[in-house]
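Written out below as structure tokens is the structure these notes cover.
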Amino acid sequence: MMIAIPGVLSGRSLDHVRTLVSQGEWIDGNTTSGHQSALAKRNSQLPEDSPAAREAGGIILDALGATPLFIAAALPLKVFPPLFNLYGEGDRFDTHVDNAIRLKRGTDFRLRSDLSATLFLNDPATYDGGELVVEDTLGTHQVKLAAGDMILYPASSLHHVTPITRGNRLCAFFWIQSMVRDDGARRTLFDLDSAIQTIAGDRGQADPAIIRLTGVYHNLLRRWAEA
Ligand code: NI
């Protein structure tokens, strides 16, 4: 499932993240890549442990925790501390697949990447190119979102970033290990949850059928989740 999550960052938090990362020291993006993707990638990145990346990443993690659509869609167990990349003119990232297991260097933090996330940080009108293109069983999807919006997509998918022909593209990117590993099961839970919220809006949370459906949601989660 691919889902756009609008307004993860806005106003002052978006400005703050942009200011922090723009003052950071950018390095060649290949320092974080596995062998396969190093062949295909041309961009810049903030060092994982840089103070700017850590502080800006913390703001994003806090914002995610306050975004119900993200929680409902991802059912997150662990979120990798956000990383930041910058694509200037001519930069691109050719077709690749993200590593299944991500380790945080110098720590014992590790996760299985079930979902990949890209959070767009600058105005799409300020650059050309730089679309995230995700291939799934239904075809290819081109994504370029407003500043502060985020796309969530299966980490198992092939994807690439088209070359920048004007301006700069600034994004945060990271991975999520979901409590529900299977994409289809996670989607079913999300659809059920969304439908319950819609009906509850009409009939109220105390409606007996809503209470039973909410029970079904939690019982499916109990069957499928690792927590
Ligand atoms: Ni990738």
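Suppose every Lys and Arg Cβ carries +1 and every Asp and Glu Cβ carries -1, with no other charges. What dipole size does region 183-224 come out with about its Cα centre, to the nearest 20 debye?
Values: 6 positive and 5 negative charges, 42 e Å.
Roughly 200 debye for region 183-224.
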Subject >> Relative compactness, region 183-224, computed as alpha-carbon Rg over 2.2 N^0.38 Å >> reply: 1.15
**OP:** Of the options L103, P154, H16, report the single residue whose Cα projects farthest towards the positive end of the charge dipole of region 3-178 (beta-carbon charges: Lys, Arg +1; Asp, Glu -1).
**Re:** L103
Original post:
Can you list the residues of region 70-84 with backbone N under 12 Å from a point 7 Å past the Cα of E226, pointing along Cα to Cβ?
Top reply: 77-78
Original post:
Of the listed peptides 16-27, 142-153, what is their order by residue-averaged count of other C-beta atoms within 10 Å, with the highest listed first?
Top reply: 142-153, 16-27
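Taking N as the number of residues in the chain, what is its Cα Rg relative to 2.2 N^0.38 Å? Please list the in-between numbers first.
On the way: Rg = 18.3 Å, N = 227, 2.2 N^0.38 = 17.3 Å.
Computed over Cα atoms of the chain, the ratio equals 1.06.
Work out the length of the dipole vector of region 3-178 about its Cα centre, built from +1 on the beta-carbon of each Lys and Arg and -1 on the beta-carbon of each Asp and Glu, and round it to the nearest 20 debye. Present the calculation step by step, with values, prior to reporting the outcome.
Working: 15 positive and 19 negative charges, 52 e Å.
In total the dipole reaches around 260 debye.
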Subject >> Pair A125, Q197: separation of 7 Å Cα→Cβ label points (nm) >> reply: 2.9
Subject >> Percentage, to the nearest whole number, of Cα pairs in region 15-112 over 15 Å apart >> reply: 68
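Values quoted throughout were computed directly from the atomic coordinates according to the rules given, and no laboratory measurement underlies them. All values reported here derive from a predicted model rather than from experimental measurement. Note: ideal-geometry Cβ built from the backbone for every residue, glycine included; neighbour counts use all protein chains shown.
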